[in-house]
Amino acid sequence: MKLAVLVLTGALAAAPALAQAPMPAMSAQEHAAMSKTVEGAGVIEGVNAKAGTLTLHHGPIAALKWPAMTMTFKASPDVLKAAKKGQKVKFTLQPEGNQIMAIQTN
């Protein structure tokens, strides 16, 4: 019985070290872009008020070196209330929190 406890304890002690993957280095420019808001444009693909999320198919965002893609972002209740599936919008994104701060219809 003691052996099983020691083996399990050893496995649990090693788990945090195994779970930590190295983060790729970011340049000062990339770090600065992540800490401020950036602008983008896209089409609303979905609104999930219950989850507090907005799914957008956005064009490239040069400041973040992101290609065009579809992503789900956090959004405030006010943003979600204004958002409608299929709308073309310009948006303000806070990349660090992966959150849409504001939208404007095109």
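Odds and ends about this structure:
- Additional length obtainable on full extension of the chain from residue 87 to residue 71, 0.36 nm per residue less Cα span: 4.2 nm
- Using the 1.4 Å probe convention, the accessible area of segment 49-106 works out to 60 Å² per residue with neighbouring protein chains retained.
- Under the Karplus curve 6.51 cos²θ - 1.76 cosθ + 1.60, θ = phi - 60°, whole-Hz ³J(HN,Hα) for segment 41-51, x wherever Gly or Pro sits: 9, x, 10, 6, 9, x, 10, 10, 4, 4, 7
- Protein accessible area in segment 33-106, 1.4 Å probe - carbon and sulfur %: 54 percent
The values are calculated or read from the model by the stated rules, or taken from the named source; none is laboratory data. In this text, all values refer to a predicted model and were calculated from it rather than measured experimentally. The accessibility values were calculated without ligands, DNA or RNA, using every heavy atom of the protein model including side chains. Shrake-Rupley method; radii C 1.70, N 1.55, O 1.52, S 1.80 Å.
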